[in-house]
Amino acid sequence: MTPAPTAAAARPPLLPLWAALPIAAASGPILDAGFPDRGWWPLTFVSIALVLVALVGRRIGAALLVGFISGLCFYLVQIDWASLFLGLLPMTALSVLESLFVAAGAMLITLAYRWLPRVWPSRLGGLALLPITVAGIWTAREAIDSTWPYGGFSWGRVAMSQSESPFIHLFSWFGMSGVSFLIVAFTALVVELVRWEARKADGIRRLTRALIAVGALAVLLIIPAFPVETHGTVRVAAVQGNGKAGYFDRRNVGDLLRAQYDATVPLFGQKVDMVVWPEGSSDIDPLADPSAAKVFDFVSTQMNAPLVAGIITQRGDQYFNESVLWKAGKGAVDYYDKKHPVPFGEYVPDRSFWRPFAPDLIDLIGREYTPGTTDTTFDINGVIAGIDICFDITDDGVIADSVQNGAQLLLAQTNNADFGRTDESVQQLAIARIRALEFGRSVVNISTVGTSAIIAPDGHTITQLKTYVPATMLEDVPLSTTITPATFGSGPFALLVSGIGLGALLVAGTVERRRRRA
């Protein structure tokens, strides 16, 4: 029997710091390439492996530096589209903030590589508990980052790179955080197998057998999606108006509403159950302006169907990014106010604190959107539709809430005009595809300028529009009431694995500290 490694030799650095830092820097663009529009999903695993290898054996300060560089080189590429709207400085500041979270997670992972082999030096500890702990820490970091501060920034979770991979069906079982956990745990296991077997006398033969076993495990992860039954269809007309919908676009009053109306006219007379316009599809509030209300009424009349449209509305001194359900002759019969406006995009939290740092930039955001408190569903003539607006699609809670409240399909209204022809819209569409499988619901992803598509509950694209053209989608969209395991279980699963990871680290750290005192 091969003896377990001694405590002193358990986790020597695999790489000198001068090599670990450029590898950490390279891991960022490699991870980005796993996301759309390249969508080379295997590179996600490669990137994670590079980061883990760079962290083994590091001191705390070096681990923070490795994590920070890895995160910064990822986010500067991943969210470069934000510079078109916010500018280079705010985009860089956001990337730096996100990288600080990555650095903190990297520090904890380094401690796991240091402490766990000393406390649990067995093969089971190295090939089971250690990968689970590393993945739990990673998942906890993503979860915290996605919710804090100011509601967090959930873009760029590693699971979001898998919208076209063979592992996409895992989302219906484990949800977004669960798939992130499985991706990191699998990668950490491979890293440990290579390290464990390669240092033995017959390491090459053992390593070959181990990698074959890992390949078999990967095949086992390609499990079918949770079975989802569909019950009938609803005929949806979704309209991409291609108007000047950007925050800083120069336009005359009514131009945006006119573009959306003009794109809808070719559908007049078609038999549909609902008409769906995107976020910010009207630059005039029909709740306050009779002329806009007449346009909404006319569209609903000509289509003989309710209209779901994104508007900006004011109640008292508060502004809301709102989706309204409009019926001819009745007006607005329901509405949803966006629950989580984007900080520093749709509002400035703690404006008095942040303004002195960059007054010109902060003052560009002149309108403060108030977080909504309404429910997330519309009853559209008996069909329950879940409503989410733009970055709501990244919020696990908003989508789960609508499905738990009976949504039979999801209407994802968005305005991508501020991000031009960057990867943002295809990244967002990838998230919408994941949500379709995760919750077993069709998703109507309708944008002002694209990328617009309708996705079935099994994740396949029913139809998709070209970007930056006025166009429509007219489809019979499947409905479902199936509740996937991810709908109720993904949140508790994420808490469980995060707790296991952080708990194992805490126990190992406590034991290690007592040993030093003894």
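The values are calculated or read from the model by the stated rules, or taken from the named source; none is laboratory data. What you see is a predicted model; the values in this text were computed from it and never measured. So basically every Cβ, Gly included, is an ideal-geometry build from the backbone, and we count neighbours across all protein chains shown.
Gln270 fails exactly one of the following numbered conditions: (1) without any contact (Cβ under 8 Å) to a residue 60 or more places away in the chain; (2) within 24 Å of Val477 (Cβ to Cβ). What is the number of that condition?
For Gln270, the exception is condition (1).
Among what's in the range 123-137 and is over 19 Å from Thr510 (Cβ atoms) and small (Gly, Ala, Ser), pick the residue that is modelled with the lowest pLDDT.
As a first pass, look at the range 123-137 and keep what is over 19 Å from Thr510 (Cβ atoms): 123-124, 126-128, 131, 135.
Then keep just the ones that are small (Gly, Ala, Ser); that gives 126, 128, 135.
Details: Gly126: 87, Ala128: 91, Ala135: 98.
Result: Gly126.
Please pick out the residue among Gly331, Gly372, Gly386 that is under 24 Å from the mean Cα position of the chain (by Cα) and surrounded by fewer than 23 Cβ atoms within 10 Å (Cβ to Cβ). Give the steps one after another, and end with the answer.
Details: Gly331 fails: under 24 Å from the mean Cα position of the chain (by Cα); Gly386 fails: surrounded by fewer than 23 Cβ atoms within 10 Å (Cβ to Cβ).
Going through Gly331, Gly372, Gly386 in turn, the sole match is Gly372.
Matching residues to (1) surrounded by 19 or more Cβ atoms within 10 Å (Cβ to Cβ); (2) aliphatic (A, V, I, L, M); (3) part of a loop (DSSP other than H, G, I, E, B):
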{"residue": "Trp18", "(1), (2), (3)": "no, no, no"}
{"residue": "Ala24", "(1), (2), (3)": "yes, yes, no"}
{"residue": "Gly28", "(1), (2), (3)": "yes, no, no"}
{"residue": "Ile48", "(1), (2), (3)": "yes, yes, no"}
{"residue": "Val53", "(1), (2), (3)": "yes, yes, no"}
{"residue": "Arg58", "(1), (2), (3)": "yes, no, yes"}
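Consider Ser99 against the criteria (1) of a type in the set (Ser, Thr, Tyr); (2) over 25 Å from Gly126 (Cα atoms); (3) in contact with a Leu (Cβ under 7 Å, 6 or more places away or on another chain); (4) surrounded by 24 or more Cβ atoms within 10 Å (Cβ to Cβ): it satisfies all of them except one. Which criterion is unmet?
(4)
Just checking, how many residues over the range 444-474 are in contact with a Leu (Cβ under 6 Å, 6 or more places away or on another chain) and basic (Lys, Arg)?
0
Please indicate, with yes or no, whether at least one residue in the range 338-358 is aliphatic (A, V, I, L, M), modelled with pLDDT of 85 or more and buried (at least 16 other Cβ atoms within 10 Å of the Cβ). Break it down into steps so the answer makes sense when it comes.
Looking only at the range 338-358, we keep the residues that are aliphatic (A, V, I, L, M), and these are 342, 348, 358.
Narrowing further to those that are modelled with pLDDT of 85 or more: none.
No, there is no match, as no residue in the range 338-358 is aliphatic (A, V, I, L, M), modelled with pLDDT of 85 or more and buried (at least 16 other Cβ atoms within 10 Å of the Cβ).
Would you check if there is a residue in the range 17-36 being at pLDDT below 95 and charged (D, E, K, R)? Please lay out each step first, then the result.
Within the range 17-36, the first condition is being at pLDDT below 95, and the residues that meet it are 36.
When the remaining residues are screened for being charged (D, E, K, R), the result is none.
No - not one qualifying residue is present in the range 17-36.
Can you tell me which residue is surrounded by the most Cβ atoms within 10 Å (Cβ to Cβ) among those in the range 404-424 that are small (Gly, Ala, Ser) and at pLDDT below 95?
First pass over the range 404-424, keeping only residues small (Gly, Ala, Ser): 406-407, 412, 417, 420.
Still in the list and also at pLDDT below 95: 417, 420.
Values: Ala417: 26, Gly420: 15.
Going through the qualifying residues, I end up with Ala417.
For the range 474-495, indicate whether the set of residues that are modelled with pLDDT under 95, among the hydrophobic types (A, V, I, L, M, F, W, C), surrounded by fewer than 16 Cβ atoms within 10 Å (Cβ to Cβ) and under 25 Å from Met176 (Cβ atoms) is non-empty. Quick ask: steps written out before the conclusion?
Here is the first cut: in the range 474-495, the ones modelled with pLDDT under 95 are 488-495.
Those still in the list that are among the hydrophobic types (A, V, I, L, M, F, W, C) too: 488, 493-495.
From what's left, surrounded by fewer than 16 Cβ atoms within 10 Å (Cβ to Cβ): 488, 495.
Cutting the leftovers down to under 25 Å from Met176 (Cβ atoms) gives us 488, 495.
Looking through the range 474-495, at least one residue is modelled with pLDDT under 95, among the hydrophobic types (A, V, I, L, M, F, W, C), surrounded by fewer than 16 Cβ atoms within 10 Å (Cβ to Cβ) and under 25 Å from Met176 (Cβ atoms).
Hey, among Ile284, Ile312, which residue is assigned to a strand (DSSP E or B), outside the structural domain of Leu94 (by TED's automatic domain parsing) and β-branched (Val, Ile, Thr)?
Numbers: Ile284 fails: assigned to a strand (DSSP E or B).
Unique residue meeting the criteria: Ile312.
Here is a list: Val253, Val295, Val342, Val348. Which entry is over 30 Å from Ser83 (Cβ atoms) and either among the hydrophobic types (A, V, I, L, M, F, W, C) or over 30 Å from the mean Cα position of the chain (by Cα) (or both)?
On the way: Val253 fails: over 30 Å from Ser83 (Cβ atoms); Val342 fails: over 30 Å from Ser83 (Cβ atoms); Val348 fails: over 30 Å from Ser83 (Cβ atoms).
Being over 30 Å from Ser83 (Cβ atoms) and either among the hydrophobic types (A, V, I, L, M, F, W, C) or over 30 Å from the mean Cα position of the chain (by Cα) (or both) holds for just one of Val253, Val295, Val342, Val348, which is Val295.
Kindly list, by first and then second residue, each pair from a residue in the range 112-124 that is touching a residue at least 12 places away in the same chain (Cβ under 8 Å) and over 13 Å from Glu192 (Cα atoms) to a residue that is buried (at least 24 other Cβ atoms within 10 Å of the Cβ) and among the aromatic types (Phe, Trp, Tyr), limited to pairs with Cβ atoms under 9 Å and residues at least 6 apart or on different chains.
none
Identify, from the list Ala494, Ala456, the residue that is touching a Ser or Thr at 6+ places or on another chain (Cβ under 7 Å) and either among the polar types (S, T, N, Q) or not assigned by TED's automatic domain parsing to the domain that holds Asp392 (or both). Spell out the reasoning first.
Details: Ala456 fails: either among the polar types (S, T, N, Q) or not assigned by TED's automatic domain parsing to the domain that holds Asp392 (or both).
Only one candidate passes the filter, namely Ala494.
Tell me, which residue of the range 102-158 that is part of a loop (DSSP other than H, G, I, E, B) and over 26 Å from the mean Cα position of the chain (by Cα) is farthest from Gly71 (Cα to Cα)? If you could, list the steps in order and put the result at the bottom.
Keep residues of the range 102-158 that are part of a loop (DSSP other than H, G, I, E, B), which gives 120-122, 146-157.
Next, only the ones that are over 26 Å from the mean Cα position of the chain (by Cα) stay: 120-122.
Numbers: Trp120: 30, Pro121: 30, Ser122: 32 Å.
Selected residue: Ser122.
Residues Asn304, Asn321: which one is out of contact with any helix residue (DSSP H, G or I) (no Cβ under 6 Å at 6 or more places or on another chain), within 24 Å of Asp418 (Cβ to Cβ) and not charged (D, E, K, R)? Outline the logic, then answer.
On the way: Asn304 fails: within 24 Å of Asp418 (Cβ to Cβ).
Exactly one residue qualifies, and that residue is Asn321.
Considering (1) closer than 24 Å to Ser146 by Cα; (2) surrounded by 19 or more Cβ atoms within 10 Å (Cβ to Cβ), say which one Ser442 fails and leave the rest.
(1)
Output the residues belonging to the range 321-340 that are in a strand (DSSP E or B) and either under 16 Å from Gly372 (Cα atoms) or aliphatic (A, V, I, L, M) (or both). So that I can check it myself, show each step before the final result.
Step one: list which residues in the range 321-340 are in a strand (DSSP E or B), which gives 321-327, 331-337.
Selection gives Asn321, Glu322, Ser323, Val324, Leu325, Ala332, Val333, Asp334, Tyr335, Tyr336, Asp337.
Tell me whether the range 221-237 contains one or more residues that are part of a helix (DSSP H, G or I), in the same structural domain as Phe45 (by TED's automatic domain parsing) and without any contact (Cβ under 8 Å) to a residue 60 or more places away in the chain.
Among the residues of the range 221-237, at least one is part of a helix (DSSP H, G or I), in the same structural domain as Phe45 (by TED's automatic domain parsing) and without any contact (Cβ under 8 Å) to a residue 60 or more places away in the chain, which makes the answer yes.
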